[in-house]
Amino acid sequence: MEGLMATVVALDASPATVLRSMRGSIIAARIAYADVLHVEVRDSLGALWRLATQDAEWSPSDPAQLVGRSIEDASIDEESGELRCTLSDGSLLEIKPTAAEAEDDPPYWELISPAGVVLEFGPGFRWQISSAGSGHRASLNGDAVRL
């Protein structure tokens, strides 16, 4: 029961709280199969955050431009769903959702915290928070929250 309690507490985070926690140096950035951007961020405690796009466009288009910079702020535009990460040199990493084609499209992007909290955004204006490997999920779609 203790493991379940800890998981539920970890899932009690809001999307904004999780995004505000992602700070640190970008140590790797690359394009993977099917135009998927993978970014790894090492925080001040040495822990690793992983950000990946799926159905989204991003800027800058060359991921190599991100390596060596730090994420100082991360936020989501509530109207467009665009993820904006302010970098240490004043530039931005912007992730823009593409138009959803079907309800079962993959998320536009996902963020995995060092603690194993997975934050997904999309398709549409849908948030999902889960614990990696636990199977426990909280879906945020408008005002509805389900655990």
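The values are calculated or read from the model by the stated rules, or taken from the named source; none is laboratory data. Please read all numbers here as calculations on a predicted model, not as lab measurements. Cβ placement follows ideal geometry from the backbone for every residue including glycine, while neighbour counts extend to all protein chains displayed.
Scanning the range 88-97 for residues that are part of a loop (DSSP other than H, G, I, E, B) and touching a residue at least 12 places away in the same chain (Cβ under 8 Å), we see that the one that is nearest to I26 (Cα to Cα) is S88.
Could you say whether any residue in the range 114-130 is in contact with a Lys or Arg (Cβ under 6 Å, 6 or more places away or on another chain), at pLDDT 90 or above and either of a type in the set (D, E, K, R) or outside any strand (DSSP E or B) (or both)? No, every residue in the range 114-130 fails to be in contact with a Lys or Arg (Cβ under 6 Å, 6 or more places away or on another chain), at pLDDT 90 or above and either of a type in the set (D, E, K, R) or outside any strand (DSSP E or B) (or both). Just to verify a result, which residue in the range 93-122, among those that are more than 21 Å from T17 (Cβ to Cβ) and hydrophobic (A, V, I, L, M, F, W, C), is surrounded by the most Cβ atoms within 10 Å (Cβ to Cβ)? Among them, the one singled out is A100. Note on the range 23-87: enclosed strands (runs of 3 or more DSSP E) holding 1 or more residues that are more than 14 Å from F121 (Cβ to Cβ), over 15 Å from the mean Cα position of the chain (by Cα) and hydrophobic (A, V, I, L, M, F, W, C) are 24-32, 83-87.
Please specify each residue of the range 22-35 satisfying the condition of being surrounded by 13 or more Cβ atoms within 10 Å (Cβ to Cβ) and more than 16 Å from E94 (Cβ to Cβ). Result: R23, G24, S25, I27, A28, R30.
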